[in-house]
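Here is the structure we will look at.
The values are calculated or read from the model by the stated rules, or taken from the named source; none is laboratory data. Quantities reported herein were computed from a predicted structural model and do not represent experimental measurements. Here the Cβ is made from the backbone with ideal geometry for all residues, glycine too, and neighbour counts use every protein chain on show. Accessible surface areas use protein heavy atoms only, side chains included; no ligands, DNA or RNA. Shrake-Rupley method; radii C 1.70, N 1.55, O 1.52, S 1.80 Å.
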Amino acid sequence: MNNSNPAASEFTFKPYEEKEGEEYMNEAQLSHFSAILNKWKSELMMEVDRTVHHMQDEAANFPDPNDRATQESEFSLELRTRDRERKLIKKIDESLKEIESGNYGFCETCGIEIGIRRLEARPTATLCIDCKTLDEIREKQLG
């Protein structure tokens, strides 16, 4: 299962329907994104638990070096995946704090609205599309 994006995970959500004249990041929108972030975090935490149980249940001291190497490689891959998910959980927690503080949905660089659809595609986004594009161009030039 790919948990790098909520749209790619097992749960689905109904896209937020904006109403004409509605204030950006009002209570309904914040509630919508809070639910998405909490559900995503819950799924990631379940994956962590599954990995721990799998590694405990499957851990064996194989006499054959090839079997042992295969198991170690498999476990290493799972741990790398869980490490990426751990970092993602941290970003989700930061986004939930932004919701609480009233800063969620606004670009941390220029302060403009990130946008409902962009946040539904990437609920942990902290940059508007323009600032993100500039950021990616800078990354390419530096490295």
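Take the conditions (1) surrounded by 14 or more Cβ atoms within 10 Å (Cβ to Cβ); (2) closer than 23 Å to Lys39 by Cβ; Arg117 misses just one of them, which is (1). Kindly check whether there is at least one residue in the range 41-53 that is surrounded by 13 or more Cβ atoms within 10 Å (Cβ to Cβ), at pLDDT below 95 and farther than 22 Å from Glu94 by Cα. Looking through the range 41-53, at least one residue is surrounded by 13 or more Cβ atoms within 10 Å (Cβ to Cβ), at pLDDT below 95 and farther than 22 Å from Glu94 by Cα. Tallying residues that are assigned to a helix (DSSP H, G or I) and open to solvent by 90 Å² or more (accessible area, probe 1.4 Å) within the range 54-69 yields 4.
Would you check if Glu98 is in a helix (DSSP H, G or I) and of a type outside the set (Gly, Ala, Ser)? Yes.
Among the listed residues Asn26, Asn5, which satisfies the condition of being at pLDDT below 95 and either out of contact with any helix residue (DSSP H, G or I) (no Cβ under 6 Å at 6 or more places or on another chain) or surrounded by 12 or more Cβ atoms within 10 Å (Cβ to Cβ) (or both)? Every option except Asn5 fails the conditions.
Screening the candidates Glu17, Glu85, Glu78 for the property of being open to solvent by 80 Å² or more (accessible area, probe 1.4 Å) and of a type in the set (Asp, Glu) yields one hit, Glu17. Beta carbons closer than 6 Å, at least 6 apart along the sequence or on distinct chains, pair a first residue in the range 98-124 that is among the small types (Gly, Ala, Ser) with a second that is open to solvent by 10 Å² or more (accessible area, probe 1.4 Å) for Gly105/Met25; Gly105/Ile114. Only residues that are loosely packed, with under 13 Cβ neighbours inside 10 Å and out of contact with any Cys (no Cβ under 6 Å at 6 or more places or on another chain) were counted in the range 95-114, giving 5. Every listed requirement among (1) touching a helix residue (DSSP H, G or I) at 6+ places or on another chain (Cβ under 8 Å); (2) open to solvent by 90 Å² or more (accessible area, probe 1.4 Å); (3) within 28 Å of Val48 (Cβ to Cβ) is met by Ile129 save one, (3).
Considering the range 55-106, the residues that are among the charged types (D, E, K, R) and more than 21 Å from the chain's Cα centre (by Cα) include one that is nearest to Phe33 (Cα to Cα), namely Glu74.
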